[in-house]
Ligand SMILES: Nc1ncnc2c1ncn2[C@@H]1O[C@H](COP(=O)(O)OP(=O)(O)OP(=O)(O)O)[C@@H](O)[C@H]1O
Ligand SMILES: [Mg+2]
């Protein structure tokens, strides 16, 4: 069976029609005055899911989390948590903990007391609190900073304290607003995997807001791509990447080339698209648009092949152009190819070998080619 | 810019002389050996000694201290509450009126405050004495506390309160475990200010006090009318000392609070 991308684990309650969502947003709208921050949003999140919210700044991600945590009231719609409408429940009684985008550490308390704060509120015995705090400190690698105050820590260290504090109570649902933004790349990657392990181990449900696509792709079971208070697509990372449902998602996630044109033939799950670049793309299309309608074709740079010679197989889609720019990134090389129509497309090639024999150079004439299933047809 | 022009020097000297010469003279003559206030006859502590044997003055001092501590403490509680209401519930009806009214006593002539309180106490048949002075002092010093605490609250990062609620603290616990400790320096300097104001108030106390509740400034004022004695100088010197200490502590705390606040804010908004 063919599938999109690697499947991390066989966890997919969203495909099961009988599975009950753990968190449900039902037609939730949030207005600040005239401004609509969250717009008639419906979204299901399942128990033990690692769910990521991805979207441009100001699209309403934090507002969504804050409604779940209880700091904002939806203007309309309802939020169901574990079968219960949580509208009337104050934040301090919700089984939800949040890591704030601004960290919101208590400035007058040491790192230890910050982390233990929630446990003290629950009246946990002192010894247990100490043990849990120690465990959390170990998790975020801040053992030697236990006695410090927040203002004596670096930005990344504060972020880790905030993370530890929100995790300490092991809430049913953990909301993380940009949890790793201030960490350097290495620590960030480590922490990503630690978070995933922890989530698995404790069986928690995580909702993570992030700006970083790679981070969302790495950690999440599913990703919701948001724009202007609406969810545009909810799907697994592989689906989002390989089968974006719209131009917005295709463009937002990763690099993409979009070719516009008109459908010249359609049938049997395949279409021919006469592109504005002067060549025809023959491609598979899941639900093919009708002949004559306008459509777009999205293809990722790594799925384009750049060669000097025309592809031998005539069924392969191909167009001619010249090398406009070459970007060497170490792990791969990105070619900007200016097609004869004037449009510049990006193609990337993995540098699997250290040395390349006779590489293509600037201004050379080349062929750009791709197979029938390499791209996605966008109807909008 | 740093060069001191002659004009600058002259104006600074004149200004400070004008402000502090009388006080300096008073302090100097409190150590005078002679009974005559204006003739120097050598250094002595004798007026301080006799001051402590002057039962009338000592009683008045004791009243002043009690009124000051009580009034400052209650004014601090009320003033802090008013500051919280004014900064937190920004949309209640009549907020503008309320905040204006809180500030009014700051600029109200003391005579008017004193007189109106007197009329009130008389009208409701409240016997004048210790409690009326205390009430009056609470009334006029409360707004100073409000101003000090309010300026702190305006820069208070409320997300730490949300974090506390989120971690399961009830609103009351959140206030006592998070909000209050963070604004404590401002509350404390508000208290210092209220205490200082109460200690040296003459006008309002004169209107509202009754038999047996003469405060030190009132006592001094009435004695001076019978002639200045070096004993009064000594009492005033002590009073000046106390007030100066209070003001210095309050301003040092304000300064430290500023620095602390900047740090706290960096703590809260770090990273981006
Ligand atoms: N209390 C508020 N009053 C008015 N407008 C608000 C308020 N809170 C948020 N907004 C607005 O709602 C929109 C969504 O804000 P939100 O904080 O949810 O964005 P975000 O997606 O988290 O962005 P970022 O990635 O920058 O954190 C923004 O345009 C913001 O200006
Ligand atoms: Mg946000």
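Derivation of every value follows stated rules applied to the coordinates shown; laboratory data play no part. Just so it is clear, the structure is predicted and the values come from calculations on it, not from any experiment. Every residue, glycine as well, gets a Cβ built from its backbone with ideal geometry; the counts of neighbours run over all protein chains shown.
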Binned at 10 Å from 0, what are the whole-percent values of the Cα-Cα distance distribution for region B:1-102, short to long?
12, 18, 18, 20, 23, 8, 1
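Looking at region A:21-250, I'd like the Rg to Rh ratio, where Rg is from alpha-carbon atoms and Rh is Kirkwood's inverse mean 1/r.
Details: Rg = 17.5 Å, Rh = 18.1 Å.
Rg/Rh: 0.97.
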So how far apart, in nm, are the two label points at residue B:12 and residue B:93 if each is 7 Å from Cα heading toward Cβ?
5.7 nm
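Based on alpha-carbon atoms only, what is the radius of gyration of region A:144-298 relative to the globular estimate 2.2 N^0.38 Å? Let's see the in-between values first.
Values: Rg = 21.5 Å, N = 155, 2.2 N^0.38 = 15.0 Å.
Taking the Cα Rg and dividing by 2.2 N^0.38 Å, one obtains 1.44.
How many Cβ atoms of partner chains, on average, are near each residue of A:80-93 if near means within 10 Å of its Cβ? It would help to have the intermediate numbers written out before the result.
Details: counts 0, 0, 0, 0, 0, 0, 0, 0, 0, 0, 3, 10, 10, 3.
What the average comes to for A:80-93 is 2.
Ignore the peptide's own chain and count Cβ atoms of other chains within 10 Å of each Cβ in A:95-105; give me the average, rounded. Let's see the in-between values first.
Numbers: counts 1, 1, 4, 5, 2, 6, 4, 11, 8, 13, 8.
Per residue, the average neighbour count from other chains is 6.
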Return one number: the angle in degrees, 0 to 90 and rounded to the nearest 10, between the long axis of the Cα atoms of helix A:155-168 and the longest principal axis of the Cα atoms of chain A.
70 degrees
Most fluctuating of B:16, B:29, B:207 in the GNM of chain B (C-alpha, under 10 Å) is B:16
What's the angle, to the nearest 10 degrees (0 to 90), between helix A:126-139's Cα axis and the longest principal axis of chain A?
20 degrees
Part-to-part distance (alpha-carbon centres) for region A:246-298 and region B:67-134, which is given in Å
74 Å
Based on the alpha carbons, how large is the Rg to Rh ratio for region B:120-272 when Rh follows Kirkwood?
1.13
Using bins 10 angstrom wide from zero, how does P(r) for region A:239-314 break down, in % of all Cα pairs?
18, 46, 33, 3
Going by average Cβ neighbours within 10 Å, how do the peptides B:231-237, A:132-138 rank, with the highest at the top?
B:231-237, A:132-138
If you bin every alpha carbon distance in chain B into 5 Å steps from zero, what whole percent lands in each bin?
1, 5, 10, 12, 13, 13, 12, 11, 9, 6, 4, 2, 1, 0, 0
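Could you order peptides A:223-230, A:198-205 by the average number of other Cβ atoms within 10 Å of their residues, highest first? Before the final figure, lay out the partial values.
Details: A:223-230: 21.8, A:198-205: 15.1.
Listed from highest to lowest mean packing, they are A:223-230, A:198-205.
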Which distance in nm do the two modelled labels at residue A:29 and residue A:238 give, with both placed 7 Å along the Cα-to-Cβ direction?
3.9 nm
Mean 1/r over distinct Cα pairs of region A:255-379, inverted to a Kirkwood Rh in Å, yields 15.0 Å
For the protein assembly as shown, would you read off the P(r) tail past 44 Å as a percentage of all alpha carbon pairs?
48 percent
Ordered by fewest other Cβ atoms within 10 Å, a rough proxy for footprinting exposure, B:117, B:19 read B:19, B:117
Using only the alpha-carbon atoms of region B:130-186 as identical scatterers, what base-10 log of I(q)/I(0) does the Debye formula give at q = 0.25 Å⁻¹?
-0.93
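For B:155, A:369, which order do you get if you count the other beta carbons within 10 Å of each Cβ and list the fewest first? Before the final figure, lay out each step's value.
Details: B:155 11, A:369 19.
Lowest count first: B:155, A:369.
Mind jotting down a quarter of the surface of the convex hull over the alpha carbons of region A:74-190, in square nanometres, one decimal? Before the final figure, lay out the partial values.
Details: hull surface 34.5 nm².
In nm², the orientation-averaged hull projection of region A:74-190 is 8.6.
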Highest GNM mean-square fluctuation, chain A, Cα pairs closer than 10 Å: which of A:31, A:186, A:169?
A:186
